[in-house]
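The values are calculated or read from the model by the stated rules, or taken from the named source; none is laboratory data. None of these values were measured; they are calculated from a predicted model. Heads up, the Cβs are rebuilt from the backbone with ideal geometry, glycines too, and the neighbour counts pull from every protein chain shown. The protein model used for the area step is the full one, side chains on, heavy atoms only, and it has no ligands, DNA or RNA in it. Shrake-Rupley method; radii C 1.70, N 1.55, O 1.52, S 1.80 Å.
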Amino acid sequence: MAKHTVTLIPGDGIGPELTSAMRRVVEAAGVDIAWEVAEAGAGVVEKYGTPLPEHVLESIRRNKVAIKGPITTPVGGGFRSVNVAIRKALDLYVCLRPAFSIKGSGARYDDIDIVIVRENTEDLYAGIEFAEGSDAARELIEFAAAKGAGIIKPDSGISLKPISISGTQRIVRYAFDYAIANGRQKVTAVHKANILKHSDGLFLKVAREVAAEYADSGIEFEDYIVDATCMQLVLHPEWWDVLVLPNLYGDIISDLAAGLIGGLGIAMGANIGADYAVFEPTHGSAPKYAGKDMANPTAEILSATLMLKHLGETDAADRILAAVRTVIGAGEKVTYDIRRSVTGSTDGSVGTQAYADALIAEL
Ligand code: NAD
């Protein structure tokens, strides 16, 4: 029997080619994993009547650990995000996205070392929405007016932004515990509490209370308004350490952080809860590159290093990261995105699988 069993969701778009490269690299690093492949997304709707069949969630519940490729979400209509549904169904309340510089990535900065801890279940991502013109929207508009909460235009669509005490406590505690366990210095809570007094205001109040619990931990705490955070991240990326954010800001700042380190092609991530963990890159399914053997599998592979650490396979994780640093640092066998950032042209770039081969040769 294999040492570990992991659910593998290839996803769609560039997902299958990235997860196949990831799998080859992890296997070449000598980790004994049995992969339980489970398909989700638009491709399975016809067969199962849903983009997220129950057996996929059952597989993750059984194995406790999964890694996935991105899954396309139809814009506007169609089914809701499968990615968000997995996080909600398994209560994966932490979205962990370390963003650190890799020499040779072509990024504007070379000294980034930021960890994003994004709340993953609440906020505007809760999926509680009322369509324009619906009875529910009309009732909500009447309710807000009757309560003196404010006038909402009758032709409005409405999305709710719930933020709870318990949800905030657990994400901020995770940020502090992560900081302590990983030798970090500072946790910054990011918010817009000056405007959103009852949602972000609560987030900030609870974050301060949790920070007080950690007063003796040696971890510094500060808070910052999200718009100012964006500017200062670009002006002074070296100021930041661990950032803890409500869901939507975490989503946006994750892409900003990806930009600081050289793009989505290298931005890793993990969704973690009390019982289960699902690892996936920050980026989406990039449909225009699907099936072209062009996309950069680094984000998927680095997400796998987070998974390997979670599984206690730290040595393999470190060797894979070292191989990524060596190959990207050498600049000869890199995918189109990195090549373009470094040289201004994609000439001389290699494909997804050839890059994975270069990593394997370094392991
Ligand atoms: P995206 O991240 O898929 O792509 C944006 C651009 O980033 C691409 O066009 C490409 O230029 C670049 N890029 C992304 N990944 C790359 C890689 N590995 N290598 C090289 N370049 C890469 O964002 P999008 O176009 O906004 O979203 C496409 C679909 O993915 C949407 O349906 C969206 O909902 C979904 N999505 C899924 C997830 C997920 O599965 N967790 C996350 C984000 C978006």
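Please enumerate the residues belonging to region 1-23 that are away from the ligand (no atom under 16 Å from the Cβ) and open to solvent by 30 Å² or more (accessible area, probe 1.4 Å). Within region 1-23, Met1, Lys3, Thr5 qualify. Selection over region 174-207 of residues that are in a helix (DSSP H, G or I) and buried (at least 16 other Cβ atoms within 10 Å of the Cβ) gives a count of 12.
Quick one: is Ala175 of a type in the set (A, V, I, L, M, F, W, C) and away from the ligand (no atom under 16 Å from the Cβ)? Here the answer is yes, as Ala175 does meet what is asked. Of all residues in region 75-90, at least one satisfies being in the same structural domain as Asp275 (by TED's automatic domain parsing), open to solvent by 20 Å² or more (accessible area, probe 1.4 Å) and in contact with a helix residue (DSSP H, G or I) (Cβ under 7 Å, 6 or more places away or on another chain). Here Gly49 does not fit the description of being in contact with a Ser or Thr (Cβ under 9 Å, 6 or more places away or on another chain), of a type outside the set (Phe, Trp, Tyr) and either within 16 Å of the ligand (Cβ to nearest atom) or open to solvent by 50 Å² or more (accessible area, probe 1.4 Å) (or both). Among the residues of region 329-363, count how many are outside any loop (DSSP other than H, G, I, E, B) and either closer than 16 Å to Ile102 by Cβ or not polar (S, T, N, Q) (or both). Number satisfying all stated conditions: 18. Screening Ala295, Ala317, Ala290, Ala322 for residues that are assigned by TED's automatic domain parsing to the domain that holds Val65, modelled with pLDDT of 95 or more and under 19 Å from Ala66 (Cα atoms) leaves exactly one candidate, Ala317. Of all residues in region 283-299, those satisfying the criterion of being of a type outside the set (A, V, I, L, M) and more than 7 Å from the ligand (Cβ to nearest atom) are Gly291, Lys292, Asp293, Thr298. Can you confirm whether Glu39 is modelled with pLDDT of 95 or more, in contact with a strand residue (DSSP E or B) (Cβ under 9 Å, 6 or more places away or on another chain) and within 16 Å of the ligand (Cβ to nearest atom)? Answer is yes for this residue.
Only one of the listed residues (Ser217, Ser156) is open to solvent by 30 Å² or more (accessible area, probe 1.4 Å), outside the structural domain of Met268 (by TED's automatic domain parsing) and among the polar types (S, T, N, Q). That residue is Ser217. Ile252 fulfils the conditions (1) β-branched (Val, Ile, Thr); (2) more than 9 Å from the ligand (Cβ to nearest atom); (3) over 13 Å from the mean Cα position of the chain (by Cα) except for a single criterion, (3). Going through (1) open to solvent by less than 10 Å² (accessible area, probe 1.4 Å); (2) more than 20 Å from Ala267 (Cα to Cα); (3) away from the ligand (no atom under 12 Å from the Cβ) one by one, His55 falls short only on (1). Residue count for region 300-321, restricted to those that are within 16 Å of the ligand (Cβ to nearest atom) and touching a residue at least 60 places away in the same chain (Cβ under 8 Å): 6. Here Val117 does not fit the description of being assigned by TED's automatic domain parsing to the domain that holds Arg208, away from the ligand (no atom under 16 Å from the Cβ), open to solvent by less than 30 Å² (accessible area, probe 1.4 Å) and not acidic (Asp, Glu). When Glu132 is tested against the conditions (1) surrounded by fewer than 18 Cβ atoms within 10 Å (Cβ to Cβ); (2) outside the structural domain of Asp223 (by TED's automatic domain parsing); (3) part of a helix (DSSP H, G or I), the lone failure is (3).
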